[in-house]
Amino acid sequence: MLNIPVVILAGGYGTRLSEVTHTIPKPMVEIGGKPIIWHIMKQYRHYGFKEFYIALGYKGDVIKTYFANYHTTNSNMTVNLATGSIDIYDRNEEDWIVHLIDTGKDTMTGGRVRRLQSFMKAKQFMLTYGDGVSNIDISDLLHFHQSHGKIGTVTAVRPPARFGGLVFDGNRVTEFTEKPQTGEGWINGGFMVFESTIFDYFASDEDSLERTVLERLAWEGELMAYKHNDFWQSMDTLRDVGLLESLWEANAPWKMW
């Protein structure tokens, strides 16, 4: 087991998916009958990570309920209504340790990470968003991060240009720009790795991970990029949900377990 925790940002409103997220948080939108956050966690576990810190916000109670009832909803069971006893068998054997931390309903992404500092003691941690899947080799990502000695590593991918962009000098990030119109076409796809010293860069709940912290790390030469040229897909719209569902039914490229 790797003693490196994984932080998943799961507190946003998911406004682009309002058709669904008016009742559930975005990470709980299902692909193949399982919430997308489950898919993300399964991928990390495939590479040896099993401790997760989920930064909750909007409708965080739905995510808490899902994991609190995980074994009963994912296993067969017998309920004796006369005695109230419950026997669970064919138990799902996930060995995850899941910390469900309320980081505030309106807290920005950087503020959410900041609020986790008192819970996390590891010198390094993984970080990703609760709405994107990929076939990235996470072990290789970690090795790359540990090889360069900088504070942060982001995974660079090449989807549509409506996301934040990255400018490089080799593999070093020289500029992090929010939603650029020009550039190399690389964006931050999540799947990040940070040294714990990144907590020094957070000041308040209003800090944006992207616009405040990553931009500063890039300016200081402390942000590197792991370039991933293969599959990556975020889930921002119903069209994205449909695409991921069709991929799951065919041969999901992110399913490594």
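Every number here is computed from the coordinates shown, using simple stated rules; none is lab data. Computed from a predicted model, the values in this text were never measured in an experiment. So basically every Cβ, Gly included, is an ideal-geometry build from the backbone, and we count neighbours across all protein chains shown.
Odds and ends about this structure:
- Summed side-chain charge close to Thr78 - residues other than Thr78 whose Cβ falls under 12 Å, Lys, Arg +1, Asp, Glu -1: -2
- Hydrodynamic radius of region 84-140 per Kirkwood, over alpha carbon pairs, in Å: 15.3
- Alpha carbon centroid spacing (whole Å) that separates region 17-58 from region 235-257: 13
- GNM result for the chain, Cα springs below 10 Å: residue of Asn76, Asn188, Asn135 fluctuating most strongly: Asn76
- Counting Lys and Arg as +1 and Asp and Glu as -1 over every other residue whose Cβ lies under 11 Å from the Cβ of Val29, the net charge comes to -4.
- Charge dipole of the chain (Cα centre as origin; +1 on each Lys and Arg Cβ, -1 on each Asp and Glu Cβ, all else neutral): 100 debye, rounded to the nearest 20.
- Taking N as its residue count, the alpha carbon Rg of region 1-43 over 2.2 N^0.38 Å: 1.33
- Between Lys105 and Gln146, the modelled label-to-label distance comes to 4.2 nm, taking each label 7 Å out from Cα in the direction of the beta carbon.
- Scoring 198-209, 25-36 by mean Cβ neighbours within 10 Å over their residues and listing the highest first yields 25-36, 198-209.
- Over the chain - Rg/Rh using Cα atoms and the Kirkwood inverse-distance radius: 0.98
- Residue by residue, region 21-26 carries 3J(HN,Hα) couplings of 7, 6, 10, 9, x, 3 Hz when phi is fed to the Karplus relation 6.51 cos²θ - 1.76 cosθ + 1.60 (θ = phi - 60°); x denotes Gly or Pro.
- Note on region 30-126: with charges restricted to the Cβ of Lys and Arg (+1) and Asp and Glu (-1), its dipole about the Cα centre is near 560 debye.
- Structure-based [θ]222 nm, the chain - -39500 (n - 2.57) summed over DSSP H runs of at least 4, per residue, nearest 500: -7000 deg cm²/dmol
- Computed over the chain: relative contact order in percent, which uses C-alpha pairs under 8 Å that are six or more apart: 23
- As a calculated quantity, the FRET efficiency between Ser246 and Val167 at R0 = 25 Å, using C-beta atoms, amounts to about 0.15.
- Label-point separation, Arg91 to Asp200 (7 Å along Cα→Cβ), nm: 4.5
- The amide H of Glu175, built 1.01 Å from its N in the peptide plane, has Val167 as neighbours under 5 Å, considering only residues 5 or more places off or on other chains.
- Projected onto their three principal axes, the Cα atoms of region 1-137 cover extents of 50, 38, 31 Å, largest first.
- Cβ-derived FRET efficiency at R0 30 Å, Trp257 paired with Tyr13, nearest 0.05: 0.50
- With distances taken between every two different alpha-carbon atoms, region 61-104 has a Kirkwood hydrodynamic radius of 12.2 Å.
- Summarised in one figure, the compactness ratio Rg/Rh of region 117-257, Cα atoms and Kirkwood Rh, is 0.97.
- Lys/Arg +1, Asp/Glu -1 at C-beta; the chain dipole; positive extreme among Gly33, Trp96, Ser139: Trp96
- Distance (nanometres) between label positions extended 7 Å along Cα→Cβ at Thr174 and Glu220: 2.0
- Computed from backbone phi with θ = phi - 60° and the Karplus coefficients 6.51, -1.76 and 1.60, the 3J(HN,Hα) list for region 193-207 is 10, 9, 6, 5, 5, 5, 4, 5, 8, 9, 10, 7, 5, 7, 6 Hz; x is used for glycine and proline.
- Options His148, Ser85, Phe125, ranked by Cα towards positive dipole end of the chain, top entry (Cβ charges): Ser85
- Its residue count N fixes a reference of 2.2 N^0.38 Å for region 168-249, and the Cα radius of gyration divided by that reference is 1.30.
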